[in-house]
Amino acid sequence: MAANIIRTQVGIVGAGPAGLLLSQLLHLEGIESVVVETQTRKHVEERNRAGVLEQGTVDLLKAAGAGDRMRREGLVHHGIELLFNRRAHRIDLHELTGGRAITVYAQHEVVKDLIRVRIDAGGQILFEVGDVCLTGLDSGAPSILFQHAGDAREVVCDYIAGCDGFRGISRPSIPACVLRFYEHVYPFAWLGILAEAEPASQELIYANHESGFALLSMRSPSVSRLYLQCRPEEDLSLWPDERIWEELRRRFTTDEGFHLNEGPLVQKSVTAMRSFVTEPMQYGRLYLAGDAAHIVPPTGAKGMNLAVADVRILARALAWRYRTGSSDLLASYSDTCLRRVWRTQHFSWWMTSLLHRAAGDDEFSYRRQLAELDQVTTSRAAAATLAENYTGLPFDFPGEQP
Ligand code: APR
Ligand code: PHB
């Protein structure tokens with residue numbers, strides 16, 4: 001075989017949480033894979049994204065042998081706070097779900113751990129590839145063509161996993177006539193900051209304030225991660241640090257005198273908000289997973305967790321194919337994923353609608369939001385629904401084959 005051709009079982013496009021975890025899960029099933037990534041290792045290991053892991057994600061990362069540092073450094077939370085009408089209300093996730101919790105551990109730390117685990121296991125990850133192109137998707141031997149270190153290379157494989165995010169080439173490699181897209185773009189965005197300040201709360205605080213949403217999260221006992229609702233076209237140059245703190249102070253004001261800890265900002269950015277679903281999530285020998293197939297607004301903290309759920313289903317389907325010769329689970333991959341994708345889309349839309357104020361929203365909508373927040377924080381059934389979704393839906397729905 002020519003030197004520039006790599007033969008493997010599964011070619012994976014993208015070294016984000018989806019691609020890397022899939023490669024590790026396949027490895028544990030004795031299945032070979034090669035990951036190609038356009039960015040440098042440093043870039044993917046430092047890319048600041050969200051940081052809340054569902055119980056199932058935590059359990060799967062541990063089972064995949066990538067949980068040691070998360071176990072040591074992750075912050076396990078048994079509750080979250082909802083703040084509205086100048087009062088904070090705790091949702092006891094642990095009690096309402098019979099013992100489930102979330103873990104605050106940044107996505108890029110998960111990526112770092114997975115790259116370490118793959119390399120220690122002799123896994124192949126090619127960083128800084130270019131001109132990636134997929135061929136033979138509806139043949140028995142699909143391949144990934146790309147440039148690497150100045151050479152034209154090719155990964156020839158049985159299956160391709162498109163884990164290259166929303167702006168990758170996998171989804172656009174599927175004939176447009178095959179795909180249906182569902183999209184909802186929100187009329188607001190998040191201005192996010194990373195501050196060297198001790199988090200002012202032990203747990204995350206989601207605030208609905210009449211001037212808009214705000215979120216207090218954290219990265220460590222000394223680093224806070226905060227967000228406030230802004231306009232999609234917000235100009236960051238008009239937001240000097242003091243103006244950001246002033247607005248955050250306003251939105252986190254409580255009658256109990258809650259006080260934010262402030263400190264130097266090390267990062268600030270504006271994140272657009274959309275809901276997006278691609279159907280189906282497969283075409284021929286190509287299977288889409290994670291952001292390549294769907295996007296959720298960050299309010300429900302579901303982006304990475306949904307990517308993890310996809311690759312768990314894909315790894316099982318590929319293992320079943322190689323072990324038994326049956327393509328049954330591969331054939332139903334898209335339908336199996338989409339049930340969870342749409343449940344998660346609903347929850348993320350619901351959290352977003354509950355906590356944000358759209359420009360032009362009238363007083364009736366605001367008062368209705370406050371009434372719904374009152375229900376969620378006083379009705380056990382409503383709080384349990386939030387807690388069940390927030391800590392993560394079961395990987396296998398009732399009636400589904402485990
Ligand atoms: N070829 C190879 N790699 C690519 C290409 C390409 N043409 N295009 C993009 N990539 C890489 C990106 O550089 C990125 O490292 O694919 C990777 C996709 O990773 P993510 O965007 O993190 O997507 P995913 O693994 O599905 O994880 C979803 O990421 O964006 C967050 O909020 C999102 O939490 C969610 C999670
Ligand atoms: C974060 O910590 O970045 C974070 C937490 C919860 C969210 C979104 C982002 O809903």
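The values are calculated or read from the model by the stated rules, or taken from the named source; none is laboratory data. Note that the structure is a prediction, hence the values are computed from the model and not measured. Heads up, the Cβs are rebuilt from the backbone with ideal geometry, glycines too, and the neighbour counts pull from every protein chain shown. Calculation scope for accessible area: heavy atoms of the full protein, side chains included, ligands and nucleic acids excluded. Shrake-Rupley method; radii C 1.70, N 1.55, O 1.52, S 1.80 Å.
Tell me which of Thr271, Gln24, Ile169 sits at the most positive position along the dipole axis of the chain, charges placed on C-beta atoms (Lys, Arg +1; Asp, Glu -1).
About the Cα centre, the residue reaching furthest to the positive side is Gln24.
Name the residue from Val178, Val104, Gly257 whose Cα lies farthest towards the positive end of the charge dipole of the chain, charges +1 on Cβ of Lys and Arg and -1 on Cβ of Asp and Glu.
Result: Val178.
Grab the beta carbon distance between Ala63 and Glu246, set R0 = 56 Å, and tell me the FRET efficiency rounded to 0.05.
With R0 = 56 Å, the Cβ-Cβ based efficiency is 0.80.
Quick one: dipole size for region 148-236, taken about the Cα centre, charges +1 on Lys/Arg Cβ and -1 on Asp/Glu Cβ, in debye to the nearest 20.
The calculation lands at about 200 debye.
With all protein chains present, how much of the accessible area of region 278-402 (probe radius 1.4 Å) comes from carbon and sulfur, to the nearest whole percent?
54
Say the dipole of region 222-331 comes from +1 at the beta carbon of Lys and Arg and -1 at that of Asp and Glu; which of Leu329, Ala289, Leu226 then lies farthest toward its positive end?
Leu329
Cα to Cα, under 20 Å, and not fewer than 8 places away if on the same chain: which lysines meet these conditions relative to Lys268?
Qualifying lysines at Cα under 20 Å: Lys42.
Within region 316-402, list the GluC sites (Glu not before Pro) lying in a DSSP loop whose Cβ has at most 10 other Cβ atoms in a 10 Å radius.
none
Please compute, over every Cα-Cα pair in region 283-360, the percentage with a separation greater than 20 angstrom.
So the pairs more than 20 Å apart make up 40 percent of the total in region 283-360.
Would you work out the charge dipole size for the chain about its Cα centre, treating the Cβ of every Lys and Arg as +1 and the Cβ of every Asp and Glu as -1, and quote it to the nearest 20 debye?
The calculated dipole for the chain is roughly 480 debye.
Please compute the contact order of the chain in relative form: average sequence separation of alpha-carbon pairs under 8 Å and at least six residues apart, divided by the residue count, as a percent.
Here the relative contact order equals 20 percent.
Computed over the Cα atoms, what is the radius of gyration of region 238-380 divided by 2.2 N^0.38 Å, N being its residue count?
The value comes to 1.44.
Need the full-extension length gain, Arg90 to Glu29, defined as separation in residues times 0.36 nm minus the C-alpha distance. One decimal, nm.
Contour length minus the Cα-Cα distance gives 17.8 nm.
Gain in length, Asp361 to Ala141, computed as 0.36 nm per residue apart minus the alpha-carbon separation, to one decimal in nm?
The span from Asp361 to Ala141 would gain 73.9 nm if fully extended.
Using a basic spin-label model with each label point 7 Å from the Cα along Cα→Cβ, how many nm lie between Arg49 and Val178?
Distance between label points: 2.4 nm.
Can you pull the Kirkwood radius for region 42-182, inverse mean 1/r over Cα pairs, to one decimal in Å?
Computed over region 42-182, the radius equals 18.7 Å.
In Å², what does the accessible area per residue of region 343-396 work out to with a 1.4 Å probe?
Normalised by residue count, the accessible surface of region 343-396 is 46 Å².
With every protein chain in place, what's the accessible area of His78 (1.4 Å probe, Å², nearest 10)?
80
How much length is gained on full extension from Ser220 to Arg116, taking 0.36 nm per residue of separation minus their Cα-Cα distance?
35.3 nm
Using a 1.4 Å probe, what is the accessible area per residue for region 1-54, in Å²?
Ligands and nucleic acids excluded, the figure is 39 Å² per residue.
Report the net charge of residues surrounding Gln369, where surrounding means a beta-carbon distance below 13 angstrom and charges are Lys +1, Arg +1, Asp -1, Glu -1.
-3
How large are Rg and Dmax for the chain when calculated on the C-alpha trace, in angstrom?
For the chain, the Cα radius of gyration and maximum Cα-Cα distance read 21.6, 72 Å.
How large, in percent, is the carbon and sulfur part of the accessible surface of region 29-90 at a probe radius of 1.4 Å?
43
If you bin every alpha carbon distance in region 1-120 into 10 Å steps from zero, what whole percent lands in each bin?
Pairs per bin, as whole percents: 12, 36, 28, 15, 6, 2, 0.
Beyond 24 Å, what share of the Cα-Cα pairs of region 199-296 remains, rounded to the nearest whole percent?
Considering region 199-296, 38 percent of its Cα-Cα pairs are separated by more than 24 Å.
What spacing in nm lies between the two simple spin-label points modelled at Lys42 and Val76, each 7 Å away from Cα in the Cβ direction?
3.6
Take each complete run of DSSP H in the chain, measure how far its Cα atoms stretch along the helix's own axis, and keep only those covering 30 Å or more with mean Kyte-Doolittle hydropathy at least 0.0; list them.
Once both thresholds are applied, what remains is 303-324.
Over region 84-159, average the accessible area per residue using a 1.4 Å probe and give it in Å², no decimals.
Heavy-atom SASA per residue in region 84-159 reads 42 Å².
Keeping all protein chains in position, work out how much accessible area Met351 exposes to a 1.4 Å probe, and write it in Å² to the nearest 10.
Counting only protein heavy atoms, the figure is 0 Å².
Tell me what the chain gives for mean residue ellipticity at 222 nm when only DSSP H runs of n ≥ 4 count, each as -39,500 (n - 2.57), the sum divided by the residue total, rounded to 500 deg cm²/dmol.
Rounded to the nearest 500, the figure is -10500 deg cm²/dmol.
So in the chain, what percent of DSSP beta bridges are antiparallel if you round to the nearest 5?
Looking only at bridges with both residues in the chain, the antiparallel portion is about 75 percent.
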